[in-house]
1. Going highest first, how would you order 128-141, 72-85, 162-175 by mean Cβ packing within 10 Å?
2. Viscosity 1.002 mPa s, temperature 20 °C: what is the translational diffusion coefficient of segment 23-112 from Stokes-Einstein with a Kirkwood Rh over Cα pairs, rounded to a whole number of µm²/s?
3. If I compute solvent accessible area with a 1.4 Å probe over the protein chains, what percent of it on segment 70-166 is carbon and sulfur?
4. Would segment 93-152 count as rounded, prolate or oblate if I go by the C-alpha gyration tensor, calling it rounded below 1.5 in a/c and otherwise prolate when a/b exceeds b/c, oblate otherwise?
5. By how many nm would the segment from residue 106 to residue 173 lengthen if fully extended, with 0.36 nm per residue of separation less the alpha-carbon distance?
6. Can you tell me how segment 56-183 classifies by the Cα gyration tensor, rounded, prolate or oblate, using a/c under 1.5 as the rounded cut?
7. Lysines near residue 174 by alpha-carbon distance under 21 Å, same-chain residues fewer than 8 away left out - which ones?
8. Assuming R0 = 45 Å, what is the FRET efficiency of residue 129 and residue 151, from their Cβ-Cβ distance, to the nearest 0.05?
Amino acid sequence: MAAKTRSLASIYDVFLSFRGEDTRHGFTGNLYKALDDRGIYTFIDDQELPRGDQITSALSKAIQESRIAITVLSQNYASSSFCLDELVTILHCKRKGLLVIPVFYKIDPSDVRHQKGSYGEAMAKHQKSFKAKKLQKWRMALQQVADLSGYHFKDGDSYEYKFIGSIVEEVSRKINRAYLHAVDYPFGQWSQVMENQINMG
């Protein structure tokens, strides 16, 4: 059954956060289509934004109006200050009820958590252009998202379409189950409802 869309408390079921040059025309594009085919109302930024551009008020609003944010953490995600600002906004909204599901796409979660590998290189480059306060926010956001329960895709582990299918199935189940209780819960308790559904499997 298709997931319920346009809930009483939000406009979008899912907000997709991703590094365009890494996954827009591959993994994220396929994930968006799979979610859309299932009837899951998903926000995807189709605009090719200049590197280093700040998160727009429209994107911030879209995050606030979503039930779930899926962050596709890929090789070059941290090289974009835009992506990092978006991640900070997502995690801020998590405290207000947004459920955040990280997808570690061909990247080790420990590299994200401890800023190693390409994530360490990216943060080292950012040190030359950004103030310590902003860098600290980004580092904390990367640590926080890496500690969340999510999905990890590694080459050779499985077919990508099957991996995407498992994400869509999980999101669809959680939205459909929790939707039945949406009237009974204030929006501020939405993430707790969703987390309870995840724990129930």
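1. Details: 128-141: 13.1, 72-85: 22.4, 162-175: 18.0.
Sorting 128-141, 72-85, 162-175 by mean packing, highest first, produces 72-85, 162-175, 128-141.
2. Values: Rh = 13.9 Å.
Roughly 155 µm²/s, to the nearest whole number.
3. Working: 2340 of 4730 Å².
Looking at segment 70-166 in its full context, I get 49 percent from C and S.
4. Numbers: a/c = 2.94, a/b = 1.29, b/c = 2.28.
Because a/c hits 1.5 or more and a/b fails to exceed b/c, segment 93-152 counts as oblate.
5. That works out to 21.6 nm of additional length.
6. On the way: a/c = 2.43, a/b = 1.29, b/c = 1.89.
Judged from the Cα gyration tensor, segment 56-183 comes out oblate (a/c at least 1.5, b/c at or above a/b).
7. Reachable lysines: 4, 33, 94, 96, 162.
8. Numbers: r = 31 Å, r/R0 = 0.70.
Efficiency, from the Cβ-Cβ distance: 0.90.
The values are calculated or read from the model by the stated rules, or taken from the named source; none is laboratory data. Given the structure is predicted, the values throughout are model-derived calculations rather than measurements. So basically every Cβ, Gly included, is an ideal-geometry build from the backbone, and we count neighbours across all protein chains shown. For the accessible areas, the whole protein counts, side chains as well, though only heavy atoms, and no ligand, DNA or RNA atoms are used. Shrake-Rupley method; radii C 1.70, N 1.55, O 1.52, S 1.80 Å.
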